Amino acid sequence: MNVFPAHLRRRPSCIHRRHVALTIALAIAALGSISVAHAQNNTATPSAVDEANPLVGTAPLDQQALIGNAPPPGEQLYPGMTSPGAALPQSMTEAAPVNVNVDLSYPTGVATPYHYANPTMFGFTGGGGSTYGGRGAPVIMPVVGDWTVPPNYTPSYYDKASEKASPGYYAVDLATFHTRVELTATQRTSLMRFTFPASHRSNVIINLRRPGGDVEVVDDHTIRGVATSKRPQDDSDGPWFVAEFSRPFAGFGTFRADHDHPGFGIGDQDVQADRRTVSGSYAGAYVTFDTQAGEQVLMKIAHGHSADEAAQRLRAENPGWDFERVHNQARADWARLLDRVEVTGGTRKQRMLFYSTLYHSFASPRLVAHKGERFTDANGNVQVASYDRYGPVPFWDTGRNQITLLMLLEPEVVQDIMHSELDRAHERGYMDTSFHGDHAVFLYDGAWQRGIPFNYADVYPYLRKNATDPNGPRGYLAEYMQNGWISDVVPQGNPSPPYAGGKAGVATTLEYAWDDHALADVARRLGKTDDAQMFLRRAANYRKVFDPSVGFMRGRTADGKWISPFDPGEPYYNFMMKEASGWSTLWLVPHDVQGLIDLLGGRDAFNAKLDAFFSTPYHAKGICRDCTGLIGQYVQGNQPDQQAAYLYAWSGQPWKTQALVRRILAELYGSDASGYGYPGMDDQGSTSSWYVLSAMGFYPVDPSTPDYILGSPIFDRVRIHMGNGKTFEIVARNNSAENMYIQSATLNGKPWTKPWFSQADIANGGTLVFTLGPQPNKAWGADPRDAPPSMSAIRP
């Protein structure tokens, strides 16, 4: 079946074979440029873009005390699940390595294509696929000699020492095939450079995934195809691809997997030399080059909603074959963004981790289409963007911290993100929710309170509809509105956790109460007094799942009885809690920390409970895959309690926050043998943003408010060039690993005794100066009048 337009078939090659000497020289020059950059890292202080290493986050922690009892047998421990591939900031297109065969299984339960420890490479992708990249198509693999049809890919061992990653660039040596692969990207295209050995059989294999599609060899240097997809909204770049090579290939053929023949061996594949078109599962093409040692073949690829659109994107963004030009432009784009934050001091590792986590903080939301470009909307319809259209925000993850970082650095991007979410609400009828909770309101309330212009009245009906329509995306909303809490069903036999079949009634109640508090503020600002009062009453619903007899948030059955037995140290996936234990879930009241203090019996009792949280050993019977990165019961590797270290600011002991934040930064990021380990999944920039914000010295416990809670900066000086053109500077005097405690502070030259500040304090720029010391100043920030705002008033 030929599904391709006639005018795009078989155009003659205009690319001639390069001279061997020239290609070897280019290869040496490319390697030399990497060596020079590496040498510069060892002499002068590197620039921000040189400090960033995308390999950070691809490995898990490796100290058992920090891991707990994860993972279950037969599974891999969660790393950050970040990608080391080449991409532009927030781009949908990424040229990325694939060392996990997700066509066979998801070793971590998520379709992520790369795990640092894996020793073999299956291929590379150049865009397309969903957020985590594991479904990206087509898969591209240079193979010298024999090869096999996917899903039995022909992998290669690769030399970890040769693996290099920097913003906009990735390179690795495939040891099995004596071939070097280099990747870079533009906004819509990927460019790959293969340096082959001497061989008459230097192949490049290109295949779609299991759902398959159609592939055609157009001429002696062009391949194109269209992927079959059951979810077109996942292919916002379009299902078509066009791949072009820098020189004619000497031979070609096409293949597909033949699922009509069960079993393995002869008969389970269809491969034909010189055949130009193929359709089916794993449909693909192979091309063969006759290469001399060091000879290079380049391939560029783009996706689109048609073959014409993909080809046009190649012509517009990636004309010619100048790999270094494309790489340098990608590097420059990243440099402009990373340079918005300047840090001085700290160790080399701290600077590397800082800029690497800042890099990963821009993983989402993905830019779907620039203004004037086509994209696929939430209903699978192709539209033309009237502004820069972004993909969905993963609100349960990045809605807690990363959106605040974007508000500081890129408020104009936040405006486009808000517009994108509003238009998706128009298309779907409801506002996006993302996994659990209903946190889109954090984006709008937080942006409004930070002075970012938007027509907030337009979005309010959708935020309100989410919170009041039982047929909408808030699960169990009718029960929540009737009772003020959500019950759980005790599983038969009350099995040991984790249990994935429940309603997460406690966690859902807490998250909805938090959402309602933010929604009350939006309603108040719009003059909708009745709504504001209704949502404010609902914001106190967290109290209805607090059991004073045990001192924890606790599940209830439909008749209102407390669920028994109850062990706050056991982690659950959906029974009562959400991917967390009772210990972790207790602190999920960011909008009313003072109210939680009151529930627990006042400041002293609250501090004792929080102390116990960080010191009680983790001895859970159930295995929680997400519960890694441990300090006592605290779990840095997942979202529910990541704000907990900062809660001492409300209870008069901010010095404990200062010590804990320093410990988390030092022990739970990069403390493994590779130096790239994360405490758990990054979740599209969330765990990375925690590091960035905390390393600078502050954190937004409740992103829907304009407030930032102070920790302890690890750098001597931080200069934040905010998106409004102003500069906010943080200075840490006497800073060292031992001097972590704030002795005193000034803001714009005036004494500052509060363990927090607000957006209004820095809106026009400013300088916050800390004097640090080796012992805590227990009086600084301890006055109840200096505590951060909270829904509940401080009791006299």
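Some points to look at:
- Residues that are open to solvent by less than 50 Å² (accessible area, probe 1.4 Å) and either in a helix (DSSP H, G or I) or of a type in the set (Gly, Ala, Ser) (or both) within segment 535-555 comprise PHE535, ARG538, ALA539, ALA540, ASN541, TYR542, VAL545, GLY551, GLY555, listed in sequence order.
- Residues in segment 300-334 that are assigned to a loop (DSSP other than H, G, I, E, B) and among the hydrophobic types (A, V, I, L, M, F, W, C): TRP321 alone.
- For beta carbons closer than 9 Å, sequence separation of 6+ or different chains, a first residue in segment 381-393 that is outside any loop (DSSP other than H, G, I, E, B) and a second that is aliphatic (A, V, I, L, M) and modelled with pLDDT of 95 or more, the qualifying pairs are TYR390/VAL413; TYR390/ILE417.
- Of VAL297, VAL287, all but one fail to be out of contact with any Ser or Thr (no Cβ under 9 Å at 6 or more places or on another chain), within 24 Å of VAL181 (Cα to Cα), outside any helix (DSSP H, G or I) and among the hydrophobic types (A, V, I, L, M, F, W, C); the exception is VAL287.
- Contact map, segment 593-613: residues that are farther than 16 Å from ALA645 by Cα and part of a helix (DSSP H, G or I) paired with residues that are of a type in the set (Ser, Thr, Tyr) and open to solvent by 30 Å² or more (accessible area, probe 1.4 Å), Cβ distance under 8 Å, separation 6+ or inter-chain. Pairs shown: GLY595/SER790.
- Test: residue in segment 111-123 that is more than 25 Å from TYR359 (Cα to Cα) and of a type in the set (A, V, I, L, M): no
Residue-by-condition table, conditions (1) in a loop (DSSP other than H, G, I, E, B); (2) closer than 23 Å to PHE442 by Cα; (3) without any contact (Cβ under 8 Å) to a residue 40 or more places away in the chain; (4) within 31 Å of the chain's Cα centre (by Cα):
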position	(1), (2), (3), (4)
ALA532	no, yes, yes, no
GLU570	yes, no, no, yes
PHE575	yes, no, no, yes
LEU588	yes, yes, no, yes
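- Residue in segment 484-495 that is at pLDDT 95 or above, surrounded by fewer than 24 Cβ atoms within 10 Å (Cβ to Cβ) and within 19 Å of PRO703 (Cβ to Cβ) present: no
- Scanning segment 142-161 for residues that are open to solvent by 10 Å² or more (accessible area, probe 1.4 Å) and outside any loop (DSSP other than H, G, I, E, B) gives VAL144, TYR157, TYR158, LYS160, ALA161.
- Scanning segment 172-181 for residues being more than 28 Å from ALA257 (Cβ to Cβ) and crowded, with 22+ Cβ neighbours inside 10 Å gives a total of 1.
- Residues of segment 437-461 classified as open to solvent by 50 Å² or more (accessible area, probe 1.4 Å) and part of a helix (DSSP H, G or I), total: 4
- Tabulated pairs, segment 767-786, first at positive phi, second not in a loop (DSSP other than H, G, I, E, B), C-beta under 8 angstrom, 6+ apart or interchain: GLY781/ALA649; GLY781/PRO654; GLY781/TRP655; GLY781/LEU710; GLY781/ILE742
- Looking only at residues in segment 192-219 that are farther than 14 Å from ARG247 by Cα and under 27 Å from the mean Cα position of the chain (by Cα), the one that is surrounded by the most Cβ atoms within 10 Å (Cβ to Cβ) is ASN207.
- Selection count, segment 748-777, where residues are surrounded by fewer than 16 Cβ atoms within 10 Å (Cβ to Cβ) and in contact with a helix residue (DSSP H, G or I) (Cβ under 6 Å, 6 or more places away or on another chain): 1
- A single member of ALA310, ALA293, ALA302, ALA330 is more than 25 Å from PHE715 (Cα to Cα), touching a residue at least 60 places away in the same chain (Cβ under 8 Å) and surrounded by fewer than 18 Cβ atoms within 10 Å (Cβ to Cβ), and it is ALA293.
- In segment 556-566, the residues that are surrounded by fewer than 20 Cβ atoms within 10 Å (Cβ to Cβ) and not hydrophobic (A, V, I, L, M, F, W, C): THR557, ASP559, GLY560, LYS561, SER564, PRO565
- Against the test of being within 16 Å of the chain's Cα centre (by Cα) and open to solvent by 10 Å² or more (accessible area, probe 1.4 Å), the options SER434, SER386 yield a single qualifying residue, SER434.
- Residue within segment 614-625 that is at pLDDT 95 or above, open to solvent by 10 Å² or more (accessible area, probe 1.4 Å), within 16 Å of ILE709 (Cβ to Cβ) and in contact with a strand residue (DSSP E or B) (Cβ under 7 Å, 6 or more places away or on another chain) present: no
- Failed criterion for GLY723 (all others in (1) under 26 Å from ALA787 (Cβ atoms); (2) open to solvent by 30 Å² or more (accessible area, probe 1.4 Å) hold): (1)
- In segment 463-480, the qualifying residues are those that are outside any loop (DSSP other than H, G, I, E, B), in contact (Cβ under 8 Å) with a residue 24 or more places away in the chain and open to solvent by 50 Å² or more (accessible area, probe 1.4 Å), and the one that is nearest to ASP530 (Cα to Cα) is ARG464.
The values are calculated or read from the model by the stated rules, or taken from the named source; none is laboratory data. All figures in this text were calculated on a predicted structure; none of them were measured in a lab. Reconstructed Cβ throughout: ideal geometry from the backbone, glycine too, with neighbour counts over all protein chains shown. SASA here: full protein model, heavy atoms, side chains in, ligands and nucleic acids out. Shrake-Rupley method; radii C 1.70, N 1.55, O 1.52, S 1.80 Å.
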